[in-house]
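Data first, discussion second: the structure below is written as structure tokens.
Nothing in this text is a laboratory measurement; each read-out follows from the coordinates by a stated rule. Just so we're clear, the structure is a prediction, and the values are computed from it rather than from any experiment. Glycine also receives a Cβ, built like all others from the backbone with ideal geometry; neighbour counts cover every protein chain displayed.
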Amino acid sequence: MSIQVLKMAWSAIASNKMRSFLTMLGIIIGVIAVVVLVSLVTGASDSITGEIQALGTNLLSVRVLDDNGHPVTLSDLKRFGKENEIGLIAPSLSFGATVKHRSETYEADAVGTTGQYDDIRGIKVKHGRFLKAADINNNSSVVVIGHEIAEELYGKSETVGETLSIGGRSFLIVGVLEESGSMISNDDQTVYLPYTVASRMVKRPNITAFVASPATDDIDSAEEKLNQLLMRQFRQDEDSFILINQSALMDTMNSVTGTLKLLLGGIAAISLMVGGIGIMNIMLVSVTERTREIGIRKAIGATRGNILMQFLVEALMVSLIGGVIGLMISWGILEVISSVAGEKVSFSMSPQVIGLALGFSLMIGVAFGLYPANKASKLHPVEALRYE
Amino acid sequence: MILMNDISKTYIIGGEQVHALKNANLHIGRGEFVSIVGPSGSGKSTLMNIIGCLDAADSGEYILDGLPIGNYSQKQLAGIRSRKIGFVFQGFNLLAKMTAEENVELPLIYQGVKLSERKARVSRALSKVGLSDRSRHRPAELSGGQQQRVAIARALAADPAILLADEPTGNLDSKTGMEIMKLFLELHQNGNTIVLITHDSSIAKLAERRISILDGHVEDAV
Ligand SMILES: Nc1ncnc2c1ncn2[C@@H]1O[C@H](COP(=O)(O)OP(=O)(O)O)[C@@H](O)[C@H]1O
Ligand SMILES: [Mg+2]
């Protein structure tokens, strides 16, 4: 019986191809809207969260705006770092620097920091090593350089042992970082040098920015502790500094994209609903047109249930075929967008989105097919047979 | 086989009552070939719809093959139609999008007959009406007489207790009509119970027994 129902539904759909296609179009467009919009938002937010992750999510960053005569020094940082809640801590003195090697020059970002910086930020060293405590204590003329600097100045990444100069001073390269490929972090274009050396070079004796990581997974209590320490440092002036919790940034980002997904998905779902109304409309016309057929079927033994099933399956088939076609077109659209957007962002259909779209189509088929199908099933056989 | 006592059916059109059937009494036995004859509007189709369980009487008692019809649900009535009754209509009432074969198969599908048995019964029914070679044709590709044969095959496929034919020759020329009547006579000889409804007395007299109907009154000369 069930195969027969599917066959009947298929032949009804196939016997009026243009009408069936136009009916499906509503569902097709609805599914495309849902799938493409949700996939785009998902892809975009994945790449943004990827970028935020590249900056490090499990870290606190502090910027000192006005020290009110209570400057933060390396020994202050050391003291902060001894607190139970706080793990690693490192200054971050940023400035622009022209890096030279023979006749080649490179405009780099320079960061003066200490040996814990790479662990806090999750920076990976490819060749050699990162800065260490001795470099800072001895004011050593050593640098760790980003991937792009090595490639630009030397044409290769293995450059440990080479020298370069910054501001007329010669430095020994002790490490080269792995390529990060990130769009918003500039690790590839950065040169890291001992904080003490940098501080002297740019004549900034006090720490104006630093990063810290929590001792445990509990970044919130680390944030609270650090805030306390800074408030004490700056005599309870909360405008003296900015403390950013990167994981909170991530949470905010996630909630923004979540809302966006819901909003766009909702708008798209409305277009799917409109498609469903199209199905109902056509099914109602079809029931009227096929009144006589319904009468004949009832006369030769079809029950109400049989007729109901026949029309319901037909509506379901229309919406499901529409859904599948919509998914295929969506896949094509996303492939095109992905290839245009480049490899940094990938807009792929997740199984959840596929499930959502098909589930939605099915639901629409049932919801909007039920009324016409029920109407068909309730036709009185004698009246239906008299219908011209 | 068919037992009717005081069956009445009234339609209301525009506030006016039309007594389509008035206290009809009818008794038709197993294996009989009965014709019900009367002028247009006399209530023949109404009677047939009640015999065929397509419609319910307003009052009276109707027993079909030992089953008192009246307090059955729509679903049960559909089951009774499908097992007991084979309809043949004036306008053939075949499904235009289906082949002859598929039309004949349809009642068997609703009965839930297995595929292999369906195929066997369909070809048996089509050969009974002499249309084995037209099984893949659609109604539009068949003559009126052939279409009516397909309809008869469809009625026969389910092995019904009664064949109910409402003006089966009404849309056919007299020669083709006679061929259809021959087919009915043949089916009767093979043991089928047939109720034939017509306004044409020359057709009616071919049956074993005639029942007249006039203005909703059934004159059953048992
Ligand atoms: N569904 C209906 N609604 C209203 N009146 C009907 C209906 N069916 C039949 N009638 C009326 O009942 C009477 C008998 O009709 P019918 O049984 O079709 O007669 P016949 O088949 O003998 O021509 C007619 O007057 C007809 O108008
Ligand atoms: Mg009639």
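Quick one: which residues, 5+ away or cross-chain, put their amide H under 5 Å from the amide H of A:ASP67? H built at 1.01 Å from N.
none
Can you tell me how much longer the chain between B:MET178 and B:SER202 gets when fully stretched, taken as 0.36 nm per residue apart minus their C-alpha distance, in nm with one decimal? Working shown, then result.
Details: separation 24, 0.36 × 24 = 8.64 nm, distance 1.01 nm.
Extra length available between B:MET178 and B:SER202 comes to 7.6 nm.
For region A:238-388, which semi-axes, largest first and in whole Å, follow from the square roots of 5 times the eigenvalues of its Cα gyration tensor?
Numbers: eigenvalues 488, 58, 24 Å².
Semi-axis lengths for region A:238-388 are 49, 17, 11 Å.
With only alpha-carbon pairs counted, each pair once and no self-pairs, how large is the Kirkwood hydrodynamic radius of region A:254-328 in angstroms? Present the calculation step by step, with values, prior to reporting the outcome.
Values: mean 1/r = 0.0672 Å⁻¹.
Kirkwood hydrodynamic radius for region A:254-328: 14.9 Å.
What per residue convex hull volume, in Å³, do the alpha-carbon atoms of region A:44-154 yield?
Values: hull volume 18.7 nm³, N = 111.
Enclosed volume per residue, from the Cα hull, is 168 Å³.
Could the peptides A:170-180, A:65-75, B:116-126 be put in order, highest first, of the mean number of other beta-carbon atoms found within 10 Å of their residues?
Details: A:170-180: 19.4, A:65-75: 13.5, B:116-126: 17.1.
Order by mean packing, descending: A:170-180, B:116-126, A:65-75.
With a ≥ b ≥ c taken as the square roots of the eigenvalues of the C-alpha gyration tensor of region B:127-188, please select rounded if a/c is under 1.5 and otherwise prolate if a/b is larger than b/c or oblate if it is not?
Values: a/c = 1.62, a/b = 1.08, b/c = 1.51.
Oblate shape, in that a/c is at least 1.5 and b/c is the bigger or equal ratio.
Which helices of chain A meet both criteria: a Cα extent of 30 Å or more along the helical axis and a mean Kyte-Doolittle score no lower than 1.0, with helices taken as whole DSSP H segments?
What comes out of the filter, once short or polar helices are dropped, is A:17-55, A:246-289, A:304-341, A:351-377.
For A:GLU85, which sequence-distant residues (separation of 5 or more, or a different chain) have an amide H within less than 5 Å of its own amide H, given hydrogens modelled in the peptide plane?
Amide H to amide H, under 5 Å and 5 or more residues apart or across chains, A:GLU85 pairs with nothing.
What is the list of residues in region A:1-31 whose amide nitrogen lies under 15 Å from a point 7 angstrom out from the Cα of A:ASN281, following Cα to Cβ?
From region A:1-31, the list is A:19-30.
Please turn the phi angles of region A:191-203 into ³J(HN,Hα) values with the Karplus equation 6.51 cos²θ - 1.76 cosθ + 1.60 (θ = phi - 60°), one per residue in order, whole Hz, x for glycine and proline.
10, 9, 9, x, 4, 4, 5, 4, 4, 6, 4, 9, 6
Once both labels are modelled 7 Å past Cα along the beta-carbon direction, what's the B:ASP6-A:LEU65 spacing in nm?
Label-label distance for B:ASP6 and A:LEU65, simple model: 10.1 nm.
Under 10 Å, Cα contacts only: if you run a Gaussian network model on chain B, which one of B:LEU164, B:LEU26, B:LEU196 comes out with the highest mean-square fluctuation?
Checking each option, the largest mean-square fluctuation is seen for B:LEU26.
Using only the alpha-carbon atoms of region A:20-65, report the extent along each of the three principal axes, biggest first, to the nearest angstrom.
66, 20, 10
What is chain A's relative contact order, in percent, from Cα pairs under 8 angstrom and six or more apart in sequence?
On the way: 687 pairs, mean separation 109.0, N = 388.
Answer for chain A is 28 percent.
Using a Gaussian network model on chain A with a 10 Å cutoff between Cα atoms, which of A:PRO351, A:PRO214, A:PRO205 fluctuates the most?
Ranking A:PRO351, A:PRO214, A:PRO205 by mean-square fluctuation puts A:PRO351 first.
Would you mind getting the Kirkwood hydrodynamic radius of chain B from its Cα pairs, rounded to one decimal in Å? Present the calculation step by step, with values, prior to reporting the outcome.
Details: mean 1/r = 0.0563 Å⁻¹.
Here the Kirkwood hydrodynamic radius works out to 17.7 Å.
Just to confirm the filter: which trypsin sites (Lys or Arg not before Pro) across region A:294-388 are DSSP coil and have at most 13 other Cβ within 10 angstrom of their Cβ?
Values: sites: A:ARG297, A:LYS298, A:ARG304, A:LYS344, A:LYS375, A:LYS378, A:ARG386; in loops: A:LYS344, A:LYS378.
Those satisfying the criteria are A:LYS344, A:LYS378.
Taking the inverse of the average 1/r across all pairs of different Cα atoms in region B:98-222, what Kirkwood radius in Å do you get? Write out the running numbers ahead of the final one.
Values: mean 1/r = 0.0649 Å⁻¹.
Every distinct Cα pair counted, the radius reaches 15.4 Å.
Please work out the ratio of the alpha-carbon Rg of region A:327-388 to 2.2 N^0.38 Å and round it to two decimals. Please report the intermediate quantities before stating the final value.
Working: Rg = 21.3 Å, N = 62, 2.2 N^0.38 = 10.6 Å.
Rg over 2.2 N^0.38 Å, computed on Cα atoms: 2.02.
When the helices in the protein assembly as shown are scored as -39500 (n - 2.57) per DSSP H run of 4 or longer and the sum is shared across all residues, what 222 nm value do you end up with, to the nearest 500 deg cm²/dmol?
Counting only the DSSP helices, I get -16500 deg cm²/dmol.
Using alpha carbon coordinates only, what is the Rg to Rh ratio of chain A, with Rh defined as the Kirkwood radius?
On the way: Rg = 33.1 Å, Rh = 26.0 Å.
Radius of gyration relative to Kirkwood radius: 1.27.
With each pseudo-label sitting 7 Å past Cα toward Cβ, what's the B:SER59-B:VAL18 distance in nm, one decimal?
2.1 nm
Loop only by DSSP, 11 or fewer other Cβ within 10 Å of the Cβ. Give me the trypsin sites (Lys or Arg not before Pro) in region A:1-92 that pass, ordered by residue number. Walk me through the numbers on the way to the answer.
On the way: sites: A:LYS7, A:LYS17, A:ARG19, A:ARG63, A:LYS78, A:ARG79, A:LYS82; in loops: A:LYS82.
Within region A:1-92, the qualifying trypsin sites (Lys or Arg not before Pro) (loop, at most 11 other Cβ atoms within 10 Å) are A:LYS82.
Which of these, A:GLU85, A:GLU314, A:GLU238, has the largest mean-square fluctuation under a Gaussian network model of chain A (Cα springs below 10 Å)?
A:GLU238
Contact order normalised by length for region A:56-246, with contacts defined as Cα pairs under 8 Å and 6 or more residues apart; what percent is it?
Dividing the mean separation by the residue count of region A:56-246 yields 36 percent.
Modelled label-to-label distance, A:LYS203 and A:ASN186, 7 Å Cα→beta-carbon offset: nm?
2.3 nm
Which of B:LYS84/B:LYS175; A:LYS375/B:LYS97; A:LYS124/A:LYS261; A:LYS124/A:LYS156; A:LYS17/B:LYS128 have a Cα-Cα distance over 25 Å?
On the way: B:LYS84/B:LYS175 30 Å; A:LYS375/B:LYS97 22 Å; A:LYS124/A:LYS261 34 Å; A:LYS124/A:LYS156 17 Å; A:LYS17/B:LYS128 36 Å.
Checking Cα-Cα distances, B:LYS84/B:LYS175; A:LYS124/A:LYS261; A:LYS17/B:LYS128 exceed 25 Å.
Straight-line reach from A:LYS78: which lysines have Cα under 23 Å away, leaving out those fewer than 8 places along the same chain?
Candidates past the 8-residue exclusion: A:LYS132, A:LYS203, A:LYS225.
Calculate, axis by axis, the spread of Cα positions in region A:56-246 along the three principal axes, and write the results as whole Å, longest axis first.
The Cα atoms of region A:56-246 stretch 51, 33, 29 Å along their principal axes.
Straight-line reach from B:LYS44: which aspartates and glutamates have a Cα under 14 Å away, not including same-chain ones fewer than 8 places off?
B:ASP55, B:ASP166, B:GLU167, B:ASP200, B:ASP215, B:GLU219, B:ASP220
Exposure proxy check: B:THR10, A:THR252 ranked by fewest other beta carbons within 10 Å? Please list the in-between numbers first.
Details: B:THR10 15, A:THR252 11.
Going from sparsest to densest Cβ surroundings: A:THR252, B:THR10.
So what are the ³J(HN,Hα) numbers for region B:132-138, from phi and the Karplus equation (6.51, -1.76, 1.60; θ = phi - 60°), rounded to whole Hz, Gly and Pro as x?
Calculated HN-Hα couplings, in order: 4, 7, 10, 4, 9, 7, 8 Hz.
What's the FRET efficiency of A:THR49 with A:ASN139 using the Cβ-Cβ distance as r and R₀ = 45 Å, to the nearest 0.05? Intermediate results must be reported in sequence, preceding the final value.
Details: r = 39 Å, r/R0 = 0.87.
With a Förster radius of 45 Å, E is 0.70.
Around A:PHE130, which amide H atoms from residues at least 5 apart in sequence, or from another chain, sit under 5 Å from its own amide H, with H modelled in the peptide plane?
Amide H neighbours of A:PHE130: none.
If you plug each phi of region B:172-179 into the Karplus form 6.51 cos²θ - 1.76 cosθ + 1.60 with θ = phi - 60°, what whole-Hz ³J(HN,Hα) values come out, in order, with x for Gly and Pro?
10, 5, 5, 5, 5, x, 5, 5
Arrange A:MET317, A:MET8 by Cβ neighbour counts within 10 Å, fewest through most, would you?
On the way: A:MET317 20, A:MET8 23.
Going from sparsest to densest Cβ surroundings: A:MET317, A:MET8.
Tell me, what is the FRET efficiency for A:LEU262 and A:ILE329 to the nearest 0.05, using R0 = 22 angstrom and their Cβ-Cβ distance as r?
Details: r = 23 Å, r/R0 = 1.06.
That gives a FRET efficiency of 0.40.
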